[in-house]
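The values are calculated or read from the model by the stated rules, or taken from the named source; none is laboratory data. Small disclaimer: the values here were computed from a predicted structure and weren't measured. We place every Cβ from the backbone using ideal geometry, glycine too, and count neighbours over all the protein chains shown. Note: accessible area is taken over every heavy atom of the protein model, side chains too, but ligands, DNA and RNA are not part of it. Shrake-Rupley method; radii C 1.70, N 1.55, O 1.52, S 1.80 Å.
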Amino acid sequence: MSENLTRRAALGVLGVSSMALLAACDSKATSEASASASGSESASAAASESATASPSASASASASPSASASATATSSPLPNDNKDYSGVAKLEKMEDHGEYQPGNAEHPPQNVPSPIVPEAMHQNSVAGFAAALAYFGAAFEYLLRTGDMHYMNEVSTDQETLAAMKKYADSTKAGIDEKKTWYVNPTATLTIGTKQPVLAQGAYNWTVTLNVDLGEKLFKDGKEQTVAADKRHVKMFGEAVGRYLNNKWDLHMDIN
C-alpha cells in the first residue's frame, strides 16, 4: 500500500470521494436512460458537488472520533488465524421485513432486508474485522435501495464521512419521494482483496473493492427506462481501515 493512501485512510476518510463518484455515475446512468429523468439526477449531482468539496476538510480532521474513543483503541497485533478471508464479504444474517419486492411502476424496492450486527463485530479478532466489512457492504446496499443510511452508524463514527453519505442518501430519498424515480434492484458487494489484513500506523488495513450494480432498469413517473450498460456498474478500489473501539470494530474506508 502507498504511504499516502495509508495516511489518508488513518485520517478517517471513509469514501467521501467515492460517494461523489457514485452520485455522479448515478446521474449519468439516468440521463443516458432518458432525458426526462434529468430532474431527479440533478439532485444527485448536487449531492456529488457537495461531497467532493469535503475531502480536504475530512483529511484534515482528527483520526479519532473522540478523545475517549481514541484512548480505548486497540493497536496491538491480532493473531493470524490462518484463515483466507479474500472474496466477497457476505453478511450471515439479515432481518426480513416481509417478502422483498424489487421496484416497479408503482413503488420503489419494498420490504428491503436490513443488516443485523454480527456477534463477531464485537470480537477483537481478524474475523471481527471481516464481519464489520460484511456489515458495511450490506448497509451500503440498503442505502442504495432505500435512501436510508442510518445502519452505517454502526460501523463508522467519522462525522465528515457520515455527513457526506447523508447527502447522497438524502438525494436518493428525495428522488424516490419527490421525483418518483428509482432503480428496480440496485446491489452492492464488498470484496476483500487479501487473505489477511496488515497492521499499519496503529490500525488494521485491508485492500477492498466496492462493487455497485445499479441494475438494468429504472422507473421515472411510472415509466420503465433502461440504464445504459456502460453506466450501470461502478467499482471503487482502496483500503478499509479498522480499529477496535469500545468493544466494536469501527471502519474508515479510503476508496475511490
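One line per residue, one yes/no per condition, for (1) part of a helix (DSSP H, G or I); (2) within 15 Å of the chain's Cα centre (by Cα); (3) charged (D, E, K, R):
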site: MET121; (1), (2), (3): yes, no, no
site: ALA139; (1), (2), (3): yes, yes, no
site: GLY175; (1), (2), (3): yes, no, no
site: LEU190; (1), (2), (3): no, yes, no
site: GLN196; (1), (2), (3): no, no, no
Problem - Residue list for segment 84-103, filter: outside any loop (DSSP other than H, G, I, E, B) and either small (Gly, Ala, Ser) or at pLDDT below 95 (or both) - result: GLY87
Practice task
Could you tell me whether LEU199 is farther than 26 Å from ILE116 by Cβ, modelled with pLDDT of 90 or more and open to solvent by 30 Å² or more (accessible area, probe 1.4 Å)?
Solution key: yes
Exercise for the section: Residue by residue through segment 228-240, note down the ones that are more than 14 Å from GLY128 (Cβ to Cβ) and in a strand (DSSP E or B). Expected result: HIS233, VAL234, LYS235, MET236, PHE237, GLY238, GLU239
Exercise for the section: Tell me which residues, restricted to segment 228-256, are among the charged types (D, E, K, R), farther than 16 Å from VAL126 by Cβ and open to solvent by 20 Å² or more (accessible area, probe 1.4 Å). Expected result: ASP230, LYS231, ARG232, LYS235
Exercise for the section: Please specify each residue of segment 202-227 satisfying the condition of being surrounded by 15 or more Cβ atoms within 10 Å (Cβ to Cβ), in contact (Cβ under 8 Å) with a residue 40 or more places away in the chain and assigned to a loop (DSSP other than H, G, I, E, B). Expected result: LEU214, VAL227
Completion exercise
Subset of segment 228-245, residues more than 22 Å from THR191 (Cβ to Cβ) and in contact with an Asp or Glu (Cβ under 9 Å, 6 or more places away or on another chain), comes to ALA228, TYR244
Exercise for the section: Consider only pairs whose beta carbons are under 6 Å apart and that are at least six residues apart or on different chains; among these, list those whose first residue lies in segment 86-105 and is within 15 Å of LEU190 (Cβ to Cβ) and whose second residue is among the basic types (Lys, Arg) and open to solvent by 60 Å² or more (accessible area, probe 1.4 Å). Expected result: SER86/LYS195
Exercise for the section: Could you grab me the full set of residues in segment 100-138 that are closer than 30 Å to GLU239 by Cα and hydroxyl-bearing (Ser, Thr, Tyr)? Expected result: SER114, SER125, TYR135
Practice task
Kindly establish whether ASP170 is assigned to a loop (DSSP other than H, G, I, E, B) and surrounded by fewer than 18 Cβ atoms within 10 Å (Cβ to Cβ).
Solution key: no
